[in-house]
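This report refers to the structure that appears directly beneath it.
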Amino acid sequence: MFLQRIFFIVLVAALMAAAGGTAGAASFYEGKTVKIISVSSPGGGYDTYSRLFARHLGKHIPGKPNVIVINIPGGSGLIGTNYVYNITKRDGLALVHPTWTVAQAQFLNFPGIRYDVNQFIWLGLANTSPITVAVRKGSPIQSMDQWLDTKTEPLIFGCTARNSLTCSIPLAMNDIFGITSKIVPGYKGTAPVRAGLLQKEVDALTGWTWDSVKSTGMSMLQEGSIKLITYISEERHPELEALNVPPLNDRITKPADVAFMKVLLLPAAMVRPWALPPKTPKDRVAILRKAFDDILKDPAFLKDAKRARLDINPRSGEYLTGLIADMKKQMTPEVVSRARRIVGLDK
């Protein structure tokens, strides 16, 4: 009886301590400002999602803190991601919305990586989305078949950096089908490339997710200033199928090419990831994970997302952690070597 009483006292004390810790973390946020670090320039898809979350996240955090977006673009998201991992305080007041290349960049040993994706505390994914290929009105290429035909003139893509999908997808098509594409790198994001399409600086844009097309490019699509000639996804997408946009995956059939594209397109499997820096206090992690889960079920948030034409198809932090661990196992030397060459790391 004495031992049972001691055990009961210890258990109650532990529960009270845990409750006190959670309450302390909750009161911590009152009067504070939570920063969402968007690693892209204003006006792009990532920035649009960041600002959507900023409008709704605070009400799901106890203490209802103010939430703001800070843009730290550059290096295809590398500068902002490194900043959050190495410089921001681990106090639960900084979230990062890194680009989809955050894991691939580390697995392929991109230069300048100053983070470990396995150490980030993953909140989850807001969405997964197919990758589209868009051409401008008047482009010499107006269909997927024309693009992949090496007898036609190469399609000219505006893109950001060699290690981004905006550049690497056209170059991968050259590797698989022959010379079908040329790239014009150096744009600061997909928004400047879209402007370049309208000004006829370039003819095409890829690495542009369908959810981003709907939020930032639907008017261009509806008025006919751009056309989607194909999309890339392991599954058929009903909205794109309804628009008679053919899937590119059907044209990639060789096992070696399929494996190569899966690794190259790892970013497409983790669109819209959200994370906290390592060593964020566990009680604040618990609060922010619950807030992240709650916001994705919030009717007002979902209504706002629909109004902005932003797709919400969430996955948990556990799912994202497992995806990263599984893809790491598939990085065979042959696939890594081929992918590194495409993204400009090897000759």
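The values are calculated or read from the model by the stated rules, or taken from the named source; none is laboratory data. Remember, predicted model here, so these are calculated numbers, not experimental data. So basically every Cβ, Gly included, is an ideal-geometry build from the backbone, and we count neighbours across all protein chains shown. Accessible surface areas use protein heavy atoms only, side chains included; no ligands, DNA or RNA. Shrake-Rupley method; radii C 1.70, N 1.55, O 1.52, S 1.80 Å.
A quick yes/no check of all residues on (1) of a type in the set (A, V, I, L, M); (2) farther than 18 Å from ILE36 by Cα; (3) in a strand (DSSP E or B):
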| site | (1), (2), (3) |
| --- | --- |
| LEU240 | yes, yes, no |
| ASP250 | no, yes, no |
| PHE301 | no, no, no |
| TYR319 | no, yes, no |
| LYS328 | no, yes, no |
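Have a look at LEU155, LEU165 and point out the one that is crowded, with 24+ Cβ neighbours inside 10 Å, over 18 Å from SER212 (Cα atoms) and either in contact (Cβ under 8 Å) with a residue 24 or more places away in the chain or of a type outside the set (S, T, N, Q) (or both).
On the way: LEU165 fails: over 18 Å from SER212 (Cα atoms).
Just a single option satisfies the conditions, and that option is LEU155.
Residue by residue, here is whether (1) open to solvent by less than 50 Å² (accessible area, probe 1.4 Å); (2) without any contact (Cβ under 8 Å) to a residue 24 or more places away in the chain; (3) within 16 Å of LEU276 (Cβ to Cβ) holds:
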| position | (1), (2), (3) |
| --- | --- |
| TYR29 | yes, no, yes |
| GLY43 | yes, no, no |
| PRO62 | no, no, no |
| ILE68 | no, no, no |
| GLY80 | yes, no, yes |
| ASN86 | no, no, yes |
| THR101 | yes, no, no |
| PHE110 | yes, no, no |
Handout entry: Residue that is nearest to VAL335 (Cα to Cα) [pool: residues in the range 241-263 that are among the aliphatic types (A, V, I, L, M) and within 20 Å of the chain's Cα centre (by Cα)]
Key = VAL263
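Within the range 330-347, take every residue that is small (Gly, Ala, Ser) and part of a helix (DSSP H, G or I) and give me the one that is surrounded by the most Cβ atoms within 10 Å (Cβ to Cβ). Talk me through it step by step, then tell me what you get.
So in the range 330-347, the residues small (Gly, Ala, Ser) come out as 337, 339, 344.
The next check asks that each one be part of a helix (DSSP H, G or I); those that pass are 337, 339.
Working: SER337: 12, ALA339: 26.
Within the range 330-347, the match that is surrounded by the most Cβ atoms within 10 Å (Cβ to Cβ) is ALA339.
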Handout entry: Residue list for the range 198-225, restricted to those being within 20 Å of PRO185 (Cα to Cα), more than 23 Å from the chain's Cα centre (by Cα) and crowded, with 16+ Cβ neighbours inside 10 Å
Key = VAL202, ASP203
Practice task
Name, by its number, the condition in (1) without any contact (Cβ under 8 Å) to a residue 24 or more places away in the chain; (2) in a helix (DSSP H, G or I); (3) not polar (S, T, N, Q) that does not hold for LYS297.
Solution key: (2)
